[in-house]
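Engineer: Supplied in structure tokens, the structure appears directly below.
Bear in mind these aren't lab numbers, they're just calculated from the coordinates by the rules spelled out. Keep in mind it's a predicted model, so treat the numbers as computed, not measured. No Cβ is skipped: glycine too gets one built from the backbone with ideal geometry, and neighbour counts run over all protein chains shown.
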Amino acid sequence: MAAGTRLRDSVREVARRGAAVLRLQAELAKAELRDTAKNAGAGLALVIAAAFLAFFVFALLTGLFVALLALALPVWASVLIVMVVYIIVVLVLVLVARGRFRQAKGTPLAREQAKLTASALGLDRLKNGAGPAAPASNASTPGSDGLPS
């Protein structure tokens, strides 16, 4: 009986140490995520500040383009030319973005693996809103006992 007690104590000690290791790993992950979130938040704040200033730089640059063109053309023509150039740039960006969105396929491999896993576990009958309690046979037919034939 002493060997059984030692084995039981050893298993308990291994389980206790394993739980302690898992707890320490979770604490390490929390500390790393906290630092990562702090750095990401600071980076995001800087990007927002830069975008705010870039908006004004863009407005000033637009005014500069219009002023330069106004030296040789009427002001209305200068504004129209700059506006048409911006519209062309916007259209090109929209067309490129549309092409990229069409290329986005989502997660086809993960979706296929999920289907294979559900099929292997017998969960594929849960498709189309059928719950786990839904019978697989024609139980609604009169005289049927609900058991598969």
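Engineer: Packing-wise, with mean Cβ within 10 Å as the measure, how do 28-37, 97-106 rank, highest first?
Structural biologist: Numbers: 28-37: 10.1, 97-106: 8.2.
By packing density, highest mean first, the sequence is 28-37, 97-106.
Engineer: Would you calculate the separation in nanometres between label points at PHE65 and SER119, each defined as 7 Å from the Cα along the Cα-to-beta-carbon direction?
Structural biologist: 5.4
Engineer: State the dimensionless ratio Rg/Rh of the range 11-103 (Rg: radius of gyration of Cα atoms; Rh: Kirkwood radius). Mind dumping the intermediate values first?
Structural biologist: Numbers: Rg = 27.1 Å, Rh = 18.8 Å.
Ratio of gyration radius to Kirkwood radius for the range 11-103: 1.44.
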